[in-house]
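Novice: First the structure, then my questions, so here it is.
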Ligand SMILES: *[C@@H]1O[C@H](CO)[C@@H](O)[C@H](O)[C@H]1NC(C)=O
């Protein structure tokens, strides 16, 4: 159910990445990645179409056109790790399994213009997205709130936006 009508502007939009060529967010094994989902050895991998959910949540569904298989997942709640979590992985969880999980935060996604930010419980806005390289040169995994400024792990701060890429990845 859409309770935040103001978020209708992002209906059908894809969250895209600024900085490394405008790659789209895609889903694989409940984790969020950026880049070319066709390079992922996973028939469930697909670009994510986001719609507005309750409490400024974002609900993801597969963009069937972008998958090499027929993804069976649907209505996944986008999450970032909660501020006290030791994990940095950004991903998706089943919306129906709505048990409270202190390790993930599925609400409070705010768009400032086209830029996706997160509203903390203390009322502050953050855009702490970063990506890490994977074994594939065309795929990065999406993370939140790096503990270190040390770039030796290859991490790169990025901006998530709701506008489509201007050039193909
Ligand atoms: C980022 O992580 C630190 C712990 O490393 C935590 O204290 C802080 O609240 C987190 N910030 C956000 C916005 O989640």
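Every number here is computed from the coordinates shown, using simple stated rules; none is lab data. Small disclaimer: the values here were computed from a predicted structure and weren't measured. For neighbour counting, all protein chains shown are included, and Cβ atoms are generated from backbone atoms with ideal geometry for every residue, glycine included.
Novice: Fully extended, how many nm does the chain gain between residue 125 and residue 138 (0.36 nm per residue separation, minus their Cα-Cα distance)?
Specialist: 1.7 nm
Novice: Same structure again: Per 0.36 nm of contour for each residue apart, how much would the distance between residue 72 and residue 87 grow if the chain were fully extended, relative to their Cα-Cα spacing?
Specialist: Computed gain between residue 72 and residue 87 is 2.8 nm.
Novice: Calculate the spin-label point distance for residue 94 paired with residue 64, positioning each point 7 Å from the Cα along the beta-carbon direction, and give it in nanometres.
Specialist: Inter-label distance under the simple model: 2.2 nm.
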